[in-house]
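Laboratory data are not the source of any read-out in this text; all were calculated from the coordinates shown. Since we're looking at a predicted model, the values are computed, not measured. Methodologically, a virtual Cβ is constructed for each residue, glycine included, from the backbone with ideal geometry; neighbour enumeration extends over all protein chains shown.
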Amino acid sequence: MKSNLLKFSQFGAFGKLHNLTAVIALCFVLVICSVSQADAQRHGGHNREPSWHYSRMPAHGAYIHRLPHAAYRIPYGGNVYHFRHGFYYRPFNNGFIFTPPPFGLRIGILPRGFLSFNIGGFPYYYYGGTYYIQREHEYEVVAPPLGAIVESIPRGYEKVIINGETFYILGGVQYRPIMRNGEIWYEVIKSPNWK
């Protein structure tokens, strides 16, 4: 009788250990899945925000007290703009506003991580809501070409729902979300120079 009781209690301890191991493994799987889902939302999932790629940058129109370190000055059209990491700032009151640059402004080098594409056989470059074409050895800010498809737009956009369809408007540019290779991208369907 004692030996049977001993065997039963040993099996019970083994069962508890087995159950504890299963619970720990399940917790581990749940944590991995939630991290993977969050990562997918930031980097290509169906539920990511339109601004996922630029989420650490201020929203367009945001006010900041100080410029980012090593921003360089670009005088253009009677105004002064400051440029750093692909984004533009202009003086406002005692600080600066995060702003889209004017068409025609030129820079010497494209920001790291820019997107390149062709529209009508003509090359364009995109970063942070700004579109460029190459002019000699510089890159000129231009109106977004109709049909351009980009992976992300900066914060500061307006979300509009028309007849059940969602659109995003940023700086007068209207984007429509589309599916591309299983990810949501954004197509330019209206821009300031195109009615």
For the range 86-103, indicate whether the set of residues that are part of a loop (DSSP other than H, G, I, E, B), among the aliphatic types (A, V, I, L, M) and either over 18 Å from R176 (Cα atoms) or touching a residue at least 40 places away in the same chain (Cβ under 8 Å) (or both) is non-empty. no
Residues of the range 116-170 being without any contact (Cβ under 8 Å) to a residue 40 or more places away in the chain, under 15 Å from P101 (Cβ atoms) and either surrounded by fewer than 15 Cβ atoms within 10 Å (Cβ to Cβ) or under 15 Å from the mean Cα position of the chain (by Cα) (or both), in sequence order, are Y126, I133, R135, E138
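Just give me the residues in the range 93-108 being more than 21 Å from H137 (Cβ to Cβ) and either polar (S, T, N, Q) or surrounded by 13 or more Cβ atoms within 10 Å (Cβ to Cβ) (or both), in sequence order.
N93, N94, F96, I97, F98, T99, P100
Do we find that E165 is within 22 Å of G86 (Cβ to Cβ) and acidic (D, E) in this structure?
no
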Restrict the check to the range 111-130 and report whether at least one residue is of a type in the set (A, V, I, L, M) and more than 19 Å from Y186 (Cα to Cα).
no
